[in-house]
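None of the figures in this text is laboratory data; all of them are computed from the coordinates on show. All figures in this text were calculated on a predicted structure; none of them were measured in a lab. Because the Cβ atoms are built from the backbone with ideal geometry, glycine has one as well, and the counts that use them run over all protein chains shown.
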Amino acid sequence: MKLDSIDLKILDVLQRDGRATKTHVGELVGLSPSPCHERIKRLEAAGYIRGYHADIDIERLAHPQLILVEIVLKNHDTADFERFRKYIKTVPDVLECYQTSGAMDFILKVVAADIEAYQALMDRLLEANIGIGRFTSCVVTKPVKQNGTYPLDRLVSTPE
C-alpha cells in the first residue's frame, strides 16, 4: 500500500489522539467522514495502525521506580542473543527492550514498585541463565519527556 500525504496526516492525528472521531480526523486532514473512515480502515488492515490504547497516569495509582538498564551479554553468538530476546519478552516488568550496537547489547526500560523490587527482578534475570554478563542501572529521577509521537513529516517522504 502506498501512502500519500493525507494518509500521513491521518496517522499523525491518530497517534496524538486515538479517540478522535472519524469526522474530526476528516476535518483536520481535509476529508469528509466517509472517505476518512475508509482510509483509516485501510491503514488498520495494512498494519500501519497496530491498535489503540489508553494513556494511564500511573502516578495517580502508584509511585513506581523507573530504571534504564544497560545489558552486556557474556557471549555474542546468535543463539545467546535469541535466548535473551525470547526470555525478556516474557518479563512484564520490562516495559521496553532495545538491542543496540556499541558498548552495550541491550537497553531495557524497567518499572518496579521500589529499588528492592528492582533488585529482586535483576537477581531473577541473572539466575535465569539468559547470558547476562554485566548490567548497569540508571535510576530515573525525573521524567522530562514521555510518550512522544513520531515526527512523520520528518521521517517519511511521500510523492505529492
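Quick notes
- Residues considered: Ala112, Ala128. Of these, the only one that is among the small types (Gly, Ala, Ser) and closer than 20 Å to Ala62 by Cβ is Ala112.
- Pairs with Cβ under 6 Å, 6+ apart, first in the range 120-134 and farther than 12 Å from Arg83 by Cβ, second among the basic types (Lys, Arg) and exposed (fewer than 14 other Cβ atoms within 10 Å of the Cβ): Gly133/Lys74
- Residue check for Tyr87: under 23 Å from Ile58 (Cβ atoms) and aromatic (Phe, Trp, Tyr): no
- Those residues of the range 100-109 which are under 13 Å from the mean Cα position of the chain (by Cα) and over 23 Å from Arg60 (Cβ atoms), in sequence order: Ile107, Leu108
- Filtering the range 11-30 to residues that are surrounded by 13 or more Cβ atoms within 10 Å (Cβ to Cβ) and of a type in the set (Gly, Ala, Ser) leaves Gly18, Ala20, Gly26.
- Test: Asp93 is closer than 30 Å to Val139 by Cα and either buried (at least 16 other Cβ atoms within 10 Å of the Cβ) or not aromatic (Phe, Trp, Tyr) (or both): yes
- Some residue of the range 83-105 being touching a Pro at 6+ places or on another chain (Cβ under 9 Å) and either of a type in the set (Asp, Glu) or free of Cβ contacts under 8 Å to residues at least 60 places away in the same chain (or both): no
- In this structure, Asp153 qualifies as assigned to a helix (DSSP H, G or I), in contact (Cβ under 8 Å) with a residue 40 or more places away in the chain, acidic (Asp, Glu) and closer than 30 Å to Ile6 by Cα.
- Pair list, Cβ under 7 Å, 6 or more apart: the range 26-40 residue of a type in the set (Gly, Ala, Ser), other residue surrounded by 16 or more Cβ atoms within 10 Å (Cβ to Cβ): Gly26/Cys36; Ser32/Gly26
- When the range 35-72 is limited to residues that are more than 18 Å from the chain's Cα centre (by Cα) and basic (Lys, Arg), the one that is nearest to Met122 (Cα to Cα) turns out to be Arg60.
- For the range 115-150, the set of residues classified as in a loop (DSSP other than H, G, I, E, B) and exposed (fewer than 13 other Cβ atoms within 10 Å of the Cβ) consists of Asn129, Thr141, Lys142, Pro143, Val144, Lys145, Gln146, Asn147, Gly148, Thr149, Tyr150, listed by residue number.
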